[in-house]
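Inspection log for the structure reproduced underneath, given as structure tokens.
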Amino acid sequence: MNLREAAQGKDCQMRIPGVCNFDSATTVLAHVRRGSVAGMGQKPPDVCGVLACSACHDAIDRRNNMGAYTPVAMDTMILDGLCRTLKLWTDEDRL
């Protein structure tokens, strides 16, 4: 089961208003760095990843303008996106 490969062509599950480009061709597995599950220079396990378009991935990694969203609002959207991603993987029997 390779979740990074399976992410290709999927719909963005972040859907950040005013940020998301809704382009499934740019969707990747964006790793969520929370809960001390990875050290410096390490990626968290793939199960700690959310399906994100390129624009949402940039916002998660703080590489672009997060819009008017506070870090707490971003964390809430990341948790929502992670739950949607986990449901999708469960529905597809990938988890």
Roughly how many percent of the accessible protein surface of the chain is carbon and sulfur, given a 1.4 Å probe and a whole-percent answer? 53 percent
Students sometimes get this wrong: rank Glu92, Glu5 by accessible area, probe 1.4 Å, all chains present, largest first. Glu5, Glu92
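Counting only heavy atoms of protein chains, what accessible area per residue, in Å², does the chain have with a probe of 1.4 Å?
Counting only protein heavy atoms, the per-residue value for the chain is 58 Å².
Can you give me the convex hull volume of the Cα atoms of the stretch 23-95, divided per residue and expressed in Å³?
So the per-residue hull volume is 102 Å³.
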Whole-angstrom gap from the stretch 1-36 to the stretch 42-95, using each part's C-alpha centre: 6 Å
Highest-fluctuation residue, Gly49, Gly81, Gly35 considered, GNM on the chain with Cα pairs under 10 Å: Gly35
Do the sum for the chain: with -39,500 (n - 2.57) for every DSSP H run of n ≥ 4, divided by all residues, what is the mean residue ellipticity at 222 nm, to the nearest 500 deg cm²/dmol? -10000 deg cm²/dmol
According to the Kirkwood expression over distinct Cα-Cα pairs, how big is the hydrodynamic radius of the stretch 7-60, in Å? 11.3 Å
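The values are calculated or read from the model by the stated rules, or taken from the named source; none is laboratory data. None of the values given here were measured: they were computed from a predicted structure. When the accessible area is computed, the model is the full protein with side chains, heavy atoms only, and any ligands, DNA or RNA have been set aside. Shrake-Rupley method; radii C 1.70, N 1.55, O 1.52, S 1.80 Å.
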